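The values are calculated or read from the model by the stated rules, or taken from the named source; none is laboratory data. This is a predicted model, so every value here is computed, not measured. Neighbour counts are summed over all protein chains in view; Cβ atoms, including those assigned to glycine, are modelled from backbone coordinates with ideal geometry. We work out accessible area using only protein heavy atoms, side chains counted, and drop any ligands, DNA or RNA first. Shrake-Rupley method; radii C 1.70, N 1.55, O 1.52, S 1.80 Å.
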Number of protein chains: 2
Amino acid sequence: MRSSGLPVLDRLINELSRLPGIGQKTAQRLALFILKSDPVYVSDLADAMLDVKEKTGLCRQCFNIAEDELCSICANPKRNPAQICVVEDIVDIMAIEESHEFEGLYHVLGGVISPLSGVMPDDLHLAELAERVKEQKVQEVLMAINPSTEGEATMIYISRMLKDLDIRLTRIASGVPLGSQLEYLDTATIGRAILTRRDL
Amino acid sequence: MRSSGLPVLDRLINELSRLPGIGQKTAQRLALFILKSDPVYVSDLADAMLDVKEKTGLCRQCFNIAEDELCSICANPKRNPAQICVVEDIVDIMAIEESHEFEGLYHVLGGVISPLSGVMPDDLHLAELAERVKEQKVQEVLMAINPSTEGEATMIYISRMLKDLDIRLTRIASGVPLGSQLEYLDTATIGRAILTRRDL
């Protein structure tokens, strides 16, 4: 590891390089930027980091991050509680919210079932999902889970878990992304898009 | 800008995206990583940032970063004070130190002369360099300045500034980087390497 000869700077480089996608060189560049920055910015950044840890927890209903007991989506009376969108991670909520196409509530699993990585159904918020669907007047569960092998397995697990309940169970469409060109797309995606073709 | 629906998280994403090379998506990924991290790590990272601002200043002799009046290099009695290596930026010191080929002291200019960007000689630590060379028993000034147009102009400025002093004035070699292939190298570098060829 390159050393700056200054313990206080080496320590910052070391801490920064533990962030995902930040290597040694980038950490050094960021550390030197911080070193030269306006002190107000640095203290704002440090505060923002500490605040996000101190002032947030998980929504007790959907496991999204929340500043209160319920997240801002669960607490919003304009959202439709009869629709629940099941996602792997909090970041998926942000992506879906940006599309402005879903008006219901969410449920964050915290991952997908992956026995190879040691993630079993009990490690995810699956039981809480079943309970929510049973106890609240839920009409539709929309699975917005990434269509990976583990994602598909998780969707099968959820559909079995909820099969006796009188709800509509849906999944987001897989297919050709808007703006992409067929010739550059993988065959599995093209095959899936053909199999799940729609009538016009 | 994508919003997480959570002001405390949005604020962190916003602060992170002000770092160089960190876009909105990366800032979001880092913010979520911080959100899920061990609180000890987050407080260590925040502390390291604040410390680097609070506990460091510039070395009064060479303008490297320092925890005391003098940086660790200027304060090291094993370094040779008769050699001064002139660099643009603190980051260059780190790169040169890693090569273990220089035993003298440094002088950080804080940039290069660039009238187009509004950087004039007075904005750099050039006067301080002249004073150091005059007042201390300096035998060699090695210019390790990036060989850009502005860098070349700065080297010419320094050589004129120091021309009446009885010192050896050198610059690091420009040429073909070790491990690179001539066919992929730019013509200016090849031309320079031929002009500055050495006898074997």
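Within the accessible area of the protein assembly as shown, what % is carbon and sulfur when the probe is 1.4 Å and the other protein chains stay in place?
On the protein assembly as shown, the fraction of accessible area on carbon and sulfur atoms equals 52 percent.
So, R0 is 25 Å and r is the distance between the beta-carbons of A:Tyr41 and B:Arg60; what FRET efficiency does that work out to, to 0.05?
Efficiency, rounded to the nearest 0.05: 0.50.
Once Rh is set to the Kirkwood radius over Cα pairs, what Stokes-Einstein translational diffusion coefficient, in µm²/s, holds for region B:7-54 at a temperature of 37 °C and a viscosity of 0.692 mPa s?
It comes out at roughly 291 µm²/s.
Take every DSSP beta bridge whose two residues both sit in region B:1-150, then give the antiparallel share in percent to the nearest 5.
Once the DSSP bridges in region B:1-150 are tallied, antiparallel ones form about 25 percent.
What is the distance in Å between the Cα centres of region A:115-164 and region B:2-39?
So the separation of the two Cα centres works out to 28 Å.
Can you give the angle from 0 to 90° between the axis of helix A:149-161 and the longest principal axis of chain A, with both taken from C-alpha atoms, to the nearest 10?
50 degrees
How many Å² of accessible surface get buried when A and B come together, counting both sides, probe radius 1.4 Å, rounded to the nearest 100?
5100 Å²
Need one number: nm distance between label points at A:Gln136 and B:Asn80, each 7 Å from Cα along Cα→Cβ, rounded to one decimal.
7.4 nm
To make sure I understand the rule: partners must be lysines, Cα under 20 Å from the Cα of B:Lys163, and not fewer than 8 residues away in the same chain. Which ones qualify?
Within the straight-line cut-off, B:Lys163 pairs with B:Lys134, B:Lys137.
Along each principal axis of its Cα atoms, how long is the protein assembly as shown end to end? Whole angstroms, biggest number first, please.
Cα spread of the protein assembly as shown along its principal axes, largest to smallest: 93, 48, 40 Å.
Pulled fully out, how much extra length does the chain show between B:His100 and B:Ala153, if you take 0.36 nm times their separation in residues and subtract their Cα-Cα distance?
Taking B:His100 through B:Ala153 to full extension adds about 16.3 nm, to one decimal.
Sort shortest first the distances from A:Gly118 to its counterpart in every other copy, using label points 7 Å along the Cα-to-beta-carbon line, and give them in nm.
Here A:Gly118 shows inter-copy label distances of 5.5 nm.
What percent does the relative contact order of chain A come to when contacts are Cα pairs within less than 8 Å and at least six residues apart? Walk me through the numbers before you get to the answer.
On the way: 216 pairs, mean separation 25.2, N = 200.
Reported relative contact order: 13 percent.
Let me spell out the model: positive unit charges on the Cβ of Lys and Arg, negative unit charges on the Cβ of Asp and Glu, origin at the Cα centre of region B:7-54. What dipole size does that give, in debye rounded to 20? Walk me through the intermediate numbers first.
On the way: 6 positive and 7 negative charges, 72 e Å.
The calculated dipole for region B:7-54 is roughly 340 debye.
Given the C-alpha atoms of chain B, compute the convex hull and give its volume per residue in Å³.
212 Å³
Measuring from the axis that superposes chain A on chain B, report the chain A residue with the minimal C-beta distance, rounded to whole Å.
Axis relating chain A to chain B; nearest Cβ residue and distance: A:Ala46, 2.
Straight-line reach from A:Lys36: which lysines have a Cα under 27 Å away, not including same-chain ones fewer than 8 places off?
The qualifying lysines are A:Lys25, A:Lys53, B:Lys25, B:Lys53, B:Lys55.
Between B:Arg18 and the same site in the other copies, what are the distances in nm, shortest first, taking label points 7 Å from Cα along the C-beta direction?
Result for B:Arg18, in nm, nearest copy first: 2.5.
Using a basic spin-label model with each label point 7 Å from the Cα along Cα→Cβ, how many nm lie between B:Thr170 and B:Ile190?
2.9 nm
From the label point of A:Arg79, set 7 Å from Cα along Cα→Cβ, how far away are the matching label points in the other copies, in nm, ordered shortest to longest?
Those label-point separations list as 5.7 nm.
Can you tally the net charge around B:Ser117? Count Lys and Arg as +1, Asp and Glu as -1, for every other residue whose Cβ sits under 12 Å from the Cβ of B:Ser117. Please list the in-between numbers first.
Values: positive: none; negative: B:Asp123, B:Glu150.
Its environment carries a net charge of -2.
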